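Encoded as structure tokens, the structure appears first; notes follow it.
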Amino acid sequence: MKKAWQVNITGPGDWNFNKDNFIGIEIKSDEYLNFEYYEDAIEFIDSINSTNKYCDNCLSAHYLITEFNTYPEKILNSGEINIPYNFLSEEVITHNNEQIELENRDKETPHYELSEGEEFLEVDKNKFE
């Protein structure tokens, strides 16, 4: 059996990417981002990664390149990438915007509501400095 290389890209909200999530770019893989050649997997990651890490119209994601069907899994390359929106399907962009909205809402509202008779324990923050 020929070796194959799998690219796993995970975005906000544990979104797992597949080939259909990308637009306007040639991808030399099957629908699950399995590549016949390692060089093609690296070329794909390089082609979708913005060199501007402060890109406003980008989605931050984590990637792994692994040797397909190995146990234990052989990780050959991994890292963080910033994918410009112009490479992403509308479905992915919508999901990303929803995740950002959820994160912002979580920052504004308490995560726990007290039941009747419960109270928060005050902690002296100076003890931890």
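All of the numbers you see were taken from the coordinates with simple rules; none came from a lab. Keep in mind that this is a model prediction, so the values were computed, not measured. Don't worry about glycine lacking a Cβ; one is built from the backbone with ideal geometry, like all the others, and counts go over all protein chains shown.
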Could you tell me the number of lysine pairs in the chain with C-alpha atoms less than 19 Å from each other, where the two lysines are 8 or more residues apart or belong to different chains?
5
I need the calculated FRET efficiency for the pair Lys3 and Glu90, taking r as the beta carbon distance and R₀ as 22 Å, to the nearest 0.05.
0.05
Given a Förster distance of 30 Å, the FRET efficiency implied by the Cβ-Cβ spacing of Glu101 and Ser47, rounded to the nearest 0.05, works out to 0.55
Please compute the length gained on full extension between Phe68 and Trp15, using 0.36 nm multiplied by the number of residues separating them and subtracting their Cα-Cα distance.
17.1 nm
Under a Gaussian network model of the chain whose springs join Cα atoms within less than 10 Å, the largest fluctuation of Asn82, Asn104, Asn18 belongs to Asn104
Between Gly11, Gly79, Gly117, where does the largest GNM mean-square fluctuation fall for the chain, given springs only between Cα atoms within less than 10 Å?
Gly117
